[in-house]
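Below you'll find the structure, written out as structure tokens, and then a few comments.
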Amino acid sequence: ALVPHFHLRADKFYNAPDTEIDFTDQGGLMWGEHAVGKLLAGDDPLRPRVSVFVDEEAGVDVTDKVQRRLQHFIDRKINALFEPLMAVKNDESLTGLARGFAFQLVEALGILNRADVADEVKSLDQDARSMLRKHGIRFGQFTIFMPLLLKPAPTRLRLLLWSLHAGLDVFPEAPPPGLVTVPVDANAPAGVDRLSGYRNAGDRAIRIDMLERLADLLRVQDSRGGFEATADMLSITGMTLEQFANLMEGLGYVAARAEREKQRAEVPVSAPEATEAEAAAEDTSEAPAEDAAEAPVTETETADAEAAAPEMEVFYTFTWGRKPKPRPQGGKRQNGDQPLKKQGGKPKGKPNRGDQGKARSFEAKPKKEKQIDPDNPFAAALMGLKK
């Protein structure tokens, strides 16, 4: 008696639009409020399998129909949300190193840490990079990614597909949309921040597209001599100065904290106030000296003196914290410049004189004139000319 009802319900589900079907963050498949199946890991992360929830009494035909409908749904959802990535995967014009790099990006579901593929990026020539950029791939300083895949819907699906392929028992959820930074989850599996579209840095994770905007500002700073955070840097991250310092330390910088006197902006005095101030100054100058000396100190003057105390502010100086490359083995450096002299042997260079460092004066000595022979007729003529 229930067989016709099973077939009618299966036909209704099969003809239902995709808008009535959805997936949960834990891999469940829903038809409205009813659970009709779940996703299983496949050989390809972009091709998960489907397991349906159908009673055995419904028969094989009903089960197959429900399974085909759910498989069509998830395949279309992946092709729609990952359209840029699927275009890269199916582009047969990509050859050589470009095709190999595209394969790595597809395996990573559209987001790669640049440090993990640094050698591959260096090996790409300009033509290969140009071909990849045509697909919307951005080569950032920290991350290589496709900006269109950072939207909330692709991010939610990417975490689901990765969790299925990784065989996790509990799938991580995507961060709330619209947030530039989120707290770091210390218990999350490795790689969740990247697949969520973020990068862990200190106590918080920053969205990778905003991180690249910050990297553009950091690139023009003097990372060796040190620099301070600008208003644009704080605005991009939406952080306080202390939070920004923690973020920079997470990115590999050294944040040196210090205090200094706060600079106050000078307020211009208007014309009426200036006139009154001048009049008050004239009245004071005409007052007797005895009255000025005997004038008591009021509470207002005491408050003004306390207010005149300098106001301090906290600032950070950021320098790149990467350790320098080790120097070649040999003589140790003395004072960071010259190698130490080896024991024995003659020292090179001029000896140190005791008058070094003292000011010395130089003057030319007058040339000695030769004595003229008086018996020489030419010499006698010359003497006459000189006289």
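The values are calculated or read from the model by the stated rules, or taken from the named source; none is laboratory data. Everything quoted here is computed from the prediction, not taken from an experiment. Note: ideal-geometry Cβ built from the backbone for every residue, glycine included; neighbour counts use all protein chains shown. Quick note on the areas: whole protein, heavy atoms, side chains included, nothing else; ligands and nucleic acids left out. Shrake-Rupley method; radii C 1.70, N 1.55, O 1.52, S 1.80 Å.
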*asked:* open to solvent by 60 Å² or more (accessible area, probe 1.4 Å), within 24 Å of residue 146 (Cα to Cα) and in a helix (DSSP H, G or I): is that true of residue 87 in this structure?
replied: no
*With the checklist (1) within 18 Å of residue 79 (Cα to Cα); (2) surrounded by fewer than 21 Cβ atoms within 10 Å (Cβ to Cβ) in hand, flag the one item residue 178 doesn't pass.*
(1)
*Considering only segment 94-114, state which residues are in a helix (DSSP H, G or I) and without any contact (Cβ under 8 Å) to a residue 24 or more places away in the chain.*
99, 100, 103, 104
*What number of residues within segment 42-71 satisfy the criterion of being within 20 Å of residue 156 (Cβ to Cβ) and either crowded, with 17+ Cβ neighbours inside 10 Å or out of contact with any Gly (no Cβ under 8 Å at 6 or more places or on another chain) (or both)?*
9
*Selected residue [open to solvent by less than 70 Å² (accessible area, probe 1.4 Å) and more than 16 Å from residue 237 (Cβ to Cβ)] from 188, 201, 215, 205*: 188
_Condition first: closer than 26 Å to residue 190 by Cβ and either among the aliphatic types (A, V, I, L, M) or free of Cβ contacts under 8 Å to residues at least 24 places away in the same chain (or both). Can you find one or more residues in segment 65-73 that meet it?_
no
*Please work out if residue 24 is under 38 Å from the mean Cα position of the chain (by Cα) and hydroxyl-bearing (Ser, Thr, Tyr).*
yes
*asked:* Filter segment 130-175 down to the residues that are within 24 Å of residue 73 (Cα to Cα) and of a type in the set (Lys, Arg) and list them by number.
replied: 151, 156, 158
*Does residue 11 count as under 39 Å from the mean Cα position of the chain (by Cα) and surrounded by 11 or more Cβ atoms within 10 Å (Cβ to Cβ)?*
no
*Can residue 125 be described as in contact (Cβ under 8 Å) with a residue 24 or more places away in the chain and open to solvent by 70 Å² or more (accessible area, probe 1.4 Å)?*
yes
*Would segment 100-108 turn up any residue that is open to solvent by less than 10 Å² (accessible area, probe 1.4 Å) and of a type in the set (Phe, Trp, Tyr)?*
yes
*Identify all residues within segment 153-167 that are surrounded by 15 or more Cβ atoms within 10 Å (Cβ to Cβ), among the aliphatic types (A, V, I, L, M) and over 10 Å from residue 196 (Cβ atoms); write none if there are none.*
157, 160, 161, 164
